[in-house]
Amino acid sequence: MTELLAPAGGEQSAYIALEGGADAVYLGLNDFSARAGAENFDVQSLERTARFAHVLGAKVYVALNTLVKDAELPQLFALAKAAWQAGADAILLQDVFLGQALKNACPEIVLHLSTQAGCCNVYGAELAKVCGFSRAVLARETPIEEVAKISAVIETEVFVQGALCTCFSGQCYFSSFAGNMSGNRGRCKQPCRKKYTISRSGFEEPSYALSLSDLSVGDRIKELIAAGVSSLKIEGRMRRPEYVAAAVKYYRELLGGGNPQAAFDALRRAYNRGDYTSGLAFGQDRTFLSQKVQGHIGAYVGNISYLGGKYFCKSDEECSLGDGFKILRDGKEVGGAVFSAAAKNGFYLQSKSGLKNGDEVRLTTSVRTNAALLNGQKKRRAVIVELEFIAGRPPVARCGEFTLTGDCPLSPAERAPLTQGELVNCFKKVDSLPYDPEVSVITDGVFMQKSALNGFRREFYRRLTEKFCPVRREVYFQFPRLEIVSKKQMKRARIVGDGAVFFDCKEDILIYKPDDYTRLDERFFTVRKEKYLYLPPYFTSEDERTVAEYANRFDGVYCDGYYGFLFAKKYGVKLFAGTGCNLSNAVSVCAAVRAGAEYFAVSKELSRAEQDRLAARGAFALTAGEIKVMDLIYCPFSRTCSRCDRQKTYIMTDQEGRKFPLKRYRVSGKFCRFEVYNCVQLYADCGMCGELIDDSLTRGEPKSAGGATSGHAKRSVE
């Protein structure tokens, strides 16, 4: 059976999801969570949640899915152990090699590879499996054809509802370099949700140029299930409990053949950015971008009419005090409003904004809907409880094979004996546990103090719960203590694109990054240097067919994704593991070298001191040139191909006047992809690692620190 997986930003959301019919929930702890801004859990609240879930036959997955630095390894391993002991059914990690070390230390632990790892092809899936992962949470951009292929290799989990990241999973450094708050560390400031202009005709006006609509696959889950997907995942650890309730109810209705339309209407009211998109698994649709409205757009309920000095909305919607609205004009938000009074055929609104006739009214907060969602039918575990309260014998309570017998014989009642009804009512009380007991009683009229009876009941349900949720045996493991003997790396490498002057480059290694992988610059093959082909983080079977024709003409591949390890092995070439592999600790660095990396680049979010501690043989650090901050696996111009001017590079300008290059490229097929680069170049002092220079935009390496940034060289990312 396909699993329905729900988000739990806090305990209330977890209970609502489980009571609403979710088969599993995923949550973060107070540390190493990719949603650091959520309420999150400590070990005690995790233990309570896991017990509640296991009583219902559901599971709990714990996300420790941020990048982990060397100094944090002991804490990460200790927290993973604590989470496992507290009842977690799986641990989610972004770092595939850190997962391998955790699995080696504790073979019984279950690992899921986070979407942050960017698994989008069978090579990434096979590496995850080799490293001990039992499931891969696929990158949101993975097309349905690849989903089927990956599902044949490893158990897959796919997003079906919620917010979409603009950047390819695990490759966003925009927040990191724009504000020192790393998305890879769970602290994204979402610069993608801000307004930008783009230097292309028709895009000169400020808009939410990179803001994506919310994902809602809806009935197309059938295609995902047919492709072999094991788990359907709802995003939303930062969202309110009523949203979680609405999303679970909608997909439970779809899976169970209920009334999905009514559930979908409630979901639109709970949270809806951009009126939804079916996402990139099925190809970019016209609703993919939400360039006019950034936040919750709600559900359409009517239009404004100005009547008698008041704003009136003609509508069939039943609204009430406390309801909130967003007002749109020509698709753009112009203000907000609140419910004022009911009227025939509609209702009146109050607003501080100057509204006009015809303005669109969108319901964003419905008190009635939210109450129904939070107080809906709650899933419970049916149990049959048999009681025997016989004078001269200890009290007995049974449920199946489990029996609890009291310590002392019961006394016959001299007056007011315990009735069957009183005993039934007592054992109907299950406190916060999700039981639905059917109670039968055999008694001949006994006396028992109320406090003793309640204590016996509580002990019965406590021990019954232990039977359903046995305490895990203690596991013992420690993180592997690895210290890299740093040695100054003398080689230099440069990433070059089409149009670059690479014949007289002084670097030892050249990494060719073509604008169009179907049309390479043949001059590159005549250069007598160590040559590598750049492979982007998102890579499909179609891309492989394009690259396979000439992969062996290079000494190796420079790959910004984990899939490169097995790709290089298949084609018999060397591997340069790129900055996109996010290697940030000694455990992962050593594992990457063992896995076959001839060279590797450490994370560009580390300080120079942190990079130097990882300077093993073959280590490089990005020291100069461009800083790629985003990979876009979609067209920010909504695939208006017939009107496209096909410029190689555009300029994206934010409201502070900062200019970010937006570069076009193509690997295979007919659609382009894009990269966003930092507004200023990098110029940092060289440390122990070899120097990696990114000349992707052919602007040339900066000659001095003037007008450049030192990145995180001096200040480690938060």
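Quick note: the coordinates plus some simple rules give every number you see, no bench work behind them. These figures come from a predicted structure and were not determined experimentally. Ideal geometry is used to build each Cβ from the backbone, glycine not excepted, and the neighbour counts take in all protein chains shown.
Here the relative contact order of the stretch 257-330, from alpha carbon pairs under 8 Å that lie six or more residues apart, stands at 24 percent.
Using only alpha-carbon positions in the stretch 170-261, the gyration tensor eigenvalues give semi-axes of 33, 18, 14 Å once each is multiplied by 5 and square-rooted (largest first). On a straight-distance basis, which lysines could pair with residue 569 in a cross-link, Cα separation under 18 angstrom, same-chain partners fewer than 8 positions away excluded? Excluding near neighbours in sequence, the set is 129, 531.
Once both axes come from the Cα atoms, what is the angle between helix 450-468 and the longest principal axis of the chain, in degrees from 0 to 90, rounded to 10? The answer is roughly 40 degrees. Shape annotation for the stretch 283-340: C-alpha extents along the principal axes are 46, 20, 18 Å, from largest to smallest. Summary of packing: across the peptides 217-225, 189-197, the per-residue average of other C-beta atoms within 10 Å ranks them, highest first, as 189-197, 217-225. Nearest 10 degrees, 0 to 90: what angle lies between the long axis of helix 260-270 and the longest principal axis of the chain (Cα atoms)? Relative to the chain, helix 260-270 is tipped by roughly 70 degrees. Across the alpha-carbon set of the chain, the Rg to Rh ratio works out to 1.04, Rh being the Kirkwood radius. Helix 241-256 and the longest principal axis of the C-alpha atoms of the chain enclose an angle of approximately 90°.
Just check the stretch 416-535 against the gyration tensor rule for me: Cα atoms, a ≥ b ≥ c as the square roots of the eigenvalues, rounded for a/c under 1.5, and otherwise prolate or oblate depending on whether a/b exceeds b/c. In terms of gyration-tensor shape, prolate. Indicate, rounded to the nearest 5 percent, the antiparallel portion of the DSSP beta bridges found entirely in the chain. Of the beta bridges lying entirely in the chain, close to 45 percent run antiparallel. Under the criterion of Cα pairs below 8 Å and six or more residues apart, the relative contact order for the chain equals 13 percent.
Of the GluC sites (Glu not before Pro) found in the stretch 24-130, the ones in coil according to DSSP and having at most 12 other Cβ atoms within 10 Å of their Cβ are 108.
Kindly identify the stretch 66-186 as rounded, prolate or oblate by the Cα gyration tensor criterion: order the square roots of the eigenvalues as a ≥ b ≥ c, call it rounded if a/c is under 1.5, otherwise compare a/b with b/c, prolate if a/b is larger, else oblate. Oblate. Using the Cβ-Cβ distance between residue 647 and residue 523 with R0 set to 25 Å, the FRET efficiency from 1/(1 + (r/R0)^6) comes to roughly 0.60. Pairs of Cα atoms nearer than 8 Å and 6+ residues apart set the relative contact order; for the stretch 574-718 it is 28 percent.
The shape of the stretch 559-718 comes out oblate: with a ≥ b ≥ c from the C-alpha gyration tensor, a/c is at least 1.5 while a/b does not beat b/c. A Stokes-Einstein calculation at 25 °C with viscosity 0.890 mPa s, built on the Kirkwood radius of the stretch 618-691 over Cα pairs, returns a diffusion coefficient of 171 µm²/s.
Of the cross-linked pairs 513/628; 379/450; 189/604; 513/574; 194/292, which ones have a Cα-Cα span greater than 21 Å in the structure shown? Over 21 Å apart, Cα to Cα: 379/450.
Amide H contacts of residue 212: 290, each under 5 Å away and 5 or more positions distant or on a separate chain (H built 1.01 Å from N in the peptide plane; Pro and chain starts excluded). In terms of overall dimensions, the stretch 412-487 has a Cα radius of gyration and Dmax of 23.6, 88 angstrom.
Here the label points at residue 341 and residue 486, each 7 Å from Cα along the C-beta direction, are separated by 7.3 nm in the simple model. Placing +1 on each Lys and Arg Cβ and -1 on each Asp and Glu Cβ, with no other charges, gives the stretch 353-433 a dipole about its Cα centre of roughly 400 debye.
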